[in-house]
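Comments concern the structure below.
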Amino acid sequence: MADVTTKAIVISAIKYSDTSIIVKLYTKEVGLVSYLLKGILKSKKGKLKTAYFQPLTQLNIVASHQKNRNLQILKEAQVIHVYNSLHTTIVKQSIVMFVSEILSSAIQEEENNSLLYDYLERSFIWFDSHEHISSFHLLFLLNLTKFLGFYPDTSNSNLNGFHLEEGLFTENMNEKEIIKADELIQFKKLLGINFDSVENINFTKIQRQKLLQTLIRYFELHLGGFRKPKSLAVLETVFSR
């Protein structure tokens, strides 16, 4: 058994019993880890508070890890970045729910990946501090593929189609999983940009919806076991108003 001190981002928290929860954290030092927090729902005096474990919260933690144990022990946690708006506005709450579901399904490796951790940390701080965020989740998904190993090959981006399964541009329009025409134009707007640039891109409601469906399909084709988020319907409802 070894003590681990690391930064961590909350991916999910589910009720385990009347008094306990299981939290899944993506940590900078040891990757994806699940913790059983016994008695946290009834205890008001402990070091751990349920408020610390809202999705995407950034923490410093001290934990006790034992090999071959599915649920590790969390000793201490402190919030290291207090969000101003992430959990308080309807639109941002909907995106947070969606992103946490994506991460829960997409991050399947338990090994650490400090570049991925840094990307998540920066992304959520940017998201919290900006107001024009209607396309944040689209760029977040696309740029997440850099760290998961299937970012689009842009070397022939002048071609008229993009093959979702192959992850590259093509002129062969007869195969399945090809996007083209306006759908391709909207997809290309996201390539090679950062969050500050995404504020300047305008998508119609229908374009945004189609683009999100395309990105979800892209994940499904490249990640075995990836599940379409249940919160997708909520997100589409929020952005259809």
**Q.** Relative contact order [Cα under 8 Å, 6+ residues apart], the chain, whole percent
**A.** 16
Q: Could you please state how large a percent of the accessible area of segment 15-172 is carbon and sulfur, counting protein chains only and using a 1.4 Å probe?
A: 47
Q: Under 1.5 on a/c is rounded, so check that first for segment 162-212, then, if it is not, pick prolate when a/b is larger than b/c and oblate when it is not; a ≥ b ≥ c are the square roots of the alpha carbon gyration tensor eigenvalues.
A: prolate
(Q) Taking only the Cα atoms of the chain, how large is their convex hull per residue, in Å³? (A) 133
Q. H222 versus L41, label points 7 Å from Cα toward the beta carbon: distance in nm?
A. 3.8
Q) Full extension from A2 to E236: what is 0.36 nm times the residue separation minus their Cα-Cα distance, to one decimal in nm? A) 79.8 nm
Q: Mind checking the per residue accessible area of the chain for me, 1.4 Å probe, whole number of Å²?
A: 51
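Helix by helix, which DSSP H runs in the chain go 15 Å or more along their axis at the Cα atoms and have an average Kyte-Doolittle hydropathy of -1.0 or more?
90-106, 114-129, 136-148, 205-222
Can you tell me the FRET efficiency between N156 and A181 if r is taken as the Cβ-Cβ distance and R0 is 22 Å, rounded to the nearest 0.05? Could you put the intermediate results ahead of the total?
Numbers: r = 17 Å, r/R0 = 0.78.
Here the calculated transfer efficiency is 0.80.
If the chain between E171 and T19 were fully stretched, how many nm would it gain, using 0.36 nm times the residue separation less the Cα-Cα distance?
49.0 nm
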**Q.** Set of lysines near K176 by C-alpha distance (under 18 Å), chain-local residues within fewer than 8 positions excluded
**A.** K210
Q. Taking a ≥ b ≥ c as the square roots of the eigenvalues of the Cα gyration tensor of segment 48-161, is the shape rounded (a/c under 1.5), prolate (a/b larger than b/c) or oblate?
A. oblate
Q) Excluding I21 itself, what net charge comes from residues whose Cβ is under 12 Å from its Cβ, given Lys and Arg +1 and Asp and Glu -1? A) +4
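Can you give the net charge of the other residues whose Cβ lies under 14 Å from the Cβ of S12, counting K and R as +1 and D and E as -1?
Values: positive: K15, K24, R227, K230; negative: E101.
The answer is +3.
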(Q) Is the C-alpha gyration tensor of segment 103-186 telling us rounded, prolate or oblate? Criteria: a/c under 1.5 is rounded; beyond that, a/b larger than b/c is prolate, otherwise oblate. (A) oblate
Q) Gain in length, N84 to K146, computed as 0.36 nm per residue apart minus the alpha-carbon separation, to one decimal in nm? A) 19.5 nm
Q | Helix-only CD estimate at 222 nm, as mean residue ellipticity for the chain, using -39500 (n - 2.57) per DSSP H run (n ≥ 4) | A | -10500 deg cm²/dmol
Q: Sort out for me the Cα centre separation of segment 125-174 from segment 70-86, rounded to whole Å.
A: 30
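The values are calculated or read from the model by the stated rules, or taken from the named source; none is laboratory data. Values in this document were obtained by computation on a predicted structure and should not be read as measured data. In this analysis, Cβ positions are derived from the backbone assuming ideal geometry, glycine residues included, and neighbour counts consider all displayed protein chains. Note: accessible area is taken over every heavy atom of the protein model, side chains too, but ligands, DNA and RNA are not part of it. Shrake-Rupley method; radii C 1.70, N 1.55, O 1.52, S 1.80 Å.
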